[in-house]
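The values are calculated or read from the model by the stated rules, or taken from the named source; none is laboratory data. For clarity, every value in this text was computed on a predicted model and none was experimentally measured. Neighbour counts are summed over all protein chains in view; Cβ atoms, including those assigned to glycine, are modelled from backbone coordinates with ideal geometry. Protein only, heavy atoms only, side chains kept; ligands, DNA and RNA dropped before computing areas. Shrake-Rupley method; radii C 1.70, N 1.55, O 1.52, S 1.80 Å.
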Amino acid sequence: MTDHEQKYQGEQARRDLAVRLLRHEARTHIITRCTGFSQDQIRKLWSRYFSAPGAPGRVVRRHRGRSPSSIEFFVRNPLLQAEASLLAHVFANWGLLEILPDLSTQPVPLDNELELGERFCDAFEEFRAVSPGSDISFEHAWSLLAALTERHDLLLLDCAECRAFYVQDALALDSRRCPACRIIRRGRRRGRPKRAPP
């Protein structure tokens, strides 16, 4: 392969990833990090593929401002916590984070930012295929990975009842029960017959 062909393939891969990220409604700073494209280049791609009359893609919103970063989002109820835990496992399967024997997490070194973007899209798309109605957006997922591997605001714990791993706030008190076990326990309490008065 000639240098010109390699350069063309590299540009095509960056363009394909940028369009993929736009489809997931990623913010500009994420697209720039993964592709190296400028704001103007990203704006032109969005106009071509998603906003121009007759554009082949679906309508895609462009989010402004800072990305969501609150870790409380991931633990505010058992369902979201269970989905965040599932997504953490998907990240590990796609080589975006490593889960060590003590359940601490660290990023996996990748060759370049393009590979990070491609793997992240693969992982997020697999997650949404399993949980299509999840409230965890692409931007939330990006924040989850950072919280587990960079900021360490979230950690993984193993459930004392079923031994499954789950995501938890690093500073919160915890009963060592995963979201699924808490839901089951709550259901059992609600299903108990009321005691007859003496």
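Could you please find all residues in segment 93-107 being within 18 Å of residue 153 (Cβ to Cβ) and open to solvent by less than 60 Å² (accessible area, probe 1.4 Å)?
Correct list: 96, 97, 99, 100, 103, 104, 105.
Does residue 110 count as among the aliphatic types (A, V, I, L, M), touching a residue at least 40 places away in the same chain (Cβ under 8 Å), surrounded by 13 or more Cβ atoms within 10 Å (Cβ to Cβ) and at negative phi?
No; evaluated as a whole, the condition is false for this residue.
If you check every pair at least six apart or on different chains, which have Cβ atoms under 6 Å apart with a residue in segment 150-177 that is without any contact (Cβ under 8 Å) to a residue 12 or more places away in the chain and among the charged types (D, E, K, R) first and a residue that is in a loop (DSSP other than H, G, I, E, B) and open to solvent by less than 50 Å² (accessible area, probe 1.4 Å) second?
The qualifying pairs do not exist here.
Answer with yes or no whether residue 128 is open to solvent by 30 Å² or more (accessible area, probe 1.4 Å) and at pLDDT 95 or above.
Yes: the conditions hold for residue 128.
Of all the residues that make up segment 166-180, how many are surrounded by fewer than 18 Cβ atoms within 10 Å (Cβ to Cβ) and either under 25 Å from residue 108 (Cα atoms) or among the acidic types (Asp, Glu) (or both)?
Residues meeting the conditions: 4.
Of the numbered conditions (1) surrounded by fewer than 16 Cβ atoms within 10 Å (Cβ to Cβ); (2) modelled with pLDDT of 95 or more, residue 156 satisfies every one except a single condition; which is it?
The one condition residue 156 does not meet is (1).
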